[in-house]
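Novice: This is the structure, below, for whatever I ask next.
Since every read-out is calculated from the coordinates, none of them should be taken as a lab result. Since the model is a prediction, treat every value here as computed from it, not as a measurement. With ideal geometry, Cβ positions are generated from the backbone for all residues, glycine too; neighbour counts draw on all protein chains shown.
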Amino acid sequence: MAQSRIHQSIAELGRAKKRLIMVAADLVALPLALWTAYALRFAEWWPASFVEPFWWLFLVVPPVGVFVFARLGLYRAVVRFMGPQALSAVIKGALLLALLMWASAYLYEWQMFPRSVPVSFALVTLVYVGGTRLLVRAYYQWLIKHYTEKEPVAIYGSGDSGVQLALALSNGREFDTVAFLDDDSGLWNCTIKGVKVHDPSRFKAVAQELGIKRVLLAMPSATKAQRKQALDKLEDVPVRVQTVPSMPEIVSGIASVDQLREVELEDLLGRDPVLPQHDLVDASIRNKVVMVTGAGGSIGSEMCRQVIRGKPKTLVLFEVSEFGLYAINQELEAVRTEMGERFSIVPLLGNVCDRNRVEAAIHHYGVQTLYHAAAYKHVPIVENNVLEGLRNNVHGTRVVAESCANLGVERCVLISTDKAVRPTNVMGATKRMAELVLQDLATHDALKDGHRTIFSMVRFGNVLGSSGSVVPLFRRQIEKGGPITVTHPDITRFFMTIPEAALLVIQAGSMAEGGDVFVLDMGESVKIVDLARRMIQLTGLEIKDEEHVDGDIEVVYSGLRAGEKLYEELLIGDNVVKTGHSKIMRAQEETLPHQELIALLGELQEAEQTLDCQRACELLKRGVNGFSHNGNIVDLLPKRPAVPNKLAVG
């Protein structure tokens, strides 16, 4: 206990006191180095014939040496972080002192010592002055290891990033690197910086032996597929997994190697995004006036981020939420300043159902490309607000699309959803109706001054991290200690990252010829319960079930919600055509006859005005092929009376 207090008091000494201690140590080390140089040269402990006549050298060398080392910055270096720069100062100082001794000896005609003594003095000074600092650094590291409670961790990846991370952690007080994991079998059982490299397939036994509860993924240059393979090897071990920043972030100085992050869920998908085709991006964005509706939403805001990277002439943000508009505008203004560009960013408050506002925005700014991302997309909310979902998703889309046609917008792209395919909920049915509106306009849009608006739709599944995704919900439930709620053990969904989806939407819109329905390659569908379990495991917690009654977080099945499917589809039929982009396909979907669609839209508007949700759903079933609602249709507002009551006057 007393030793612990002594060690702690030494570690907590101030910088000034530590500097004085090192100066005092050098004042002792330098005369000792001079005596050692004499003793080595003459093979005597005390060569009196040389030492005694020139005793004053033992008084002159220490202060001169300390002065030289101080000028070289040796005493500014923090010993426990001492690196090549500090050692370089010791080497330079020792050589300079040796040269000064040579110069003095030359003036005295080499009576003070033989010519070899300065050489020996320089070498011994390196050992004594540099060695004391290395000993202090080793002592400090031993002190931290034995008198602080550092968490044992394993680093996955023993390359440059892994070694740098281990070195950074060794100087901290939080983590102690006790194992490396690497897929290279040639490194197994080797040691790096005193730490053994292990086979990842044997990690379960290693973790139990060394008490490891956390793994740091040091693979900043690895592809998503490689990172997923690494994560899969850790699947059966209850450890928390964190990652280091990507290599571009480290190189650019945005982040350092020891800034740990939680594992991104896209790493679990193992899908590497395909590099964009810049000619397709430029065709719709560069030097054009671009408008994004729903600009403050999760999809709309990412569309805006991708648009400004394409360097438009003007970006018009159209959003009904004041806070959402403010947030994305502030973010984009900062990015534009960082880019050093001068294009305009116009934040407009407005509702897509307001025709005057939409047309005024398009006309005033001369919009050339419009991305329609504004939509109500939360299935349970739209199920209880049928008519508002209908008004926003169908009528709002019609207003935007007709405004584009009337005002000569070059391209109008609707961001749709996989839920529009054989929908079982109102949200999906309204999005399919919105697609039908654009398909009809693409066929019957009259030429405006010799120009026809090119309408297209891009259909994709869930995006990780969007406001409608299960991922944020699962994260909140894990933070609260569970349980995680999954609707059904067999439910599956397609997933894609928001940036990848937004960039593919832009490229798909540029390939459109008119009335195109594009579907994005979403990869393999993912079981939601598997996603929930992996999220639990990656936080170092254990799933609680019948086999693990002492686990941390339970997965509870709440049952399918009204309008919810077990699995989603991207195509209504099987007629799909490849495009010039490997991740984008063109679907050949059926349309409604023009007159039938116009009549249906009129009846839907009447049902909306009278708050008749039952009638609205019947009309949606008539217009949307395959719409089969699997729940009770209940709007939270009652049907409006045919003749409203009037206040009596008199």
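Novice: With a Förster radius of 60 Å, plug the Cβ-Cβ distance of Val127 and Gln330 into 1/(1 + (r/R0)^6) and report the FRET value to the nearest 0.05.
Specialist: 0.55
Novice: Return the subset of Lys196/Lys224; Lys204/Lys233; Lys196/Lys228; Lys213/Lys233; Lys377/Lys431; Lys196/Lys233 for which the Cα-Cα distance in this structure is over 20 Å, preserving the input order.
Specialist: From Lys196/Lys224; Lys204/Lys233; Lys196/Lys228; Lys213/Lys233; Lys377/Lys431; Lys196/Lys233, over 20 Å: Lys196/Lys224; Lys196/Lys228.
Novice: Assuming 0.36 nm per residue, please report the length gained on full extension of the stretch Asp279 to Leu636 beyond their Cα-Cα distance.
Specialist: Difference between extended and current length: 123.7 nm.
Novice: Would you mind working out the magnitude of the charge dipole of segment 285-368 relative to its Cα centre, with +1 at each Lys and Arg C-beta and -1 at each Asp and Glu C-beta, to the nearest 20 Debye?
Specialist: In total the dipole reaches around 420 debye.
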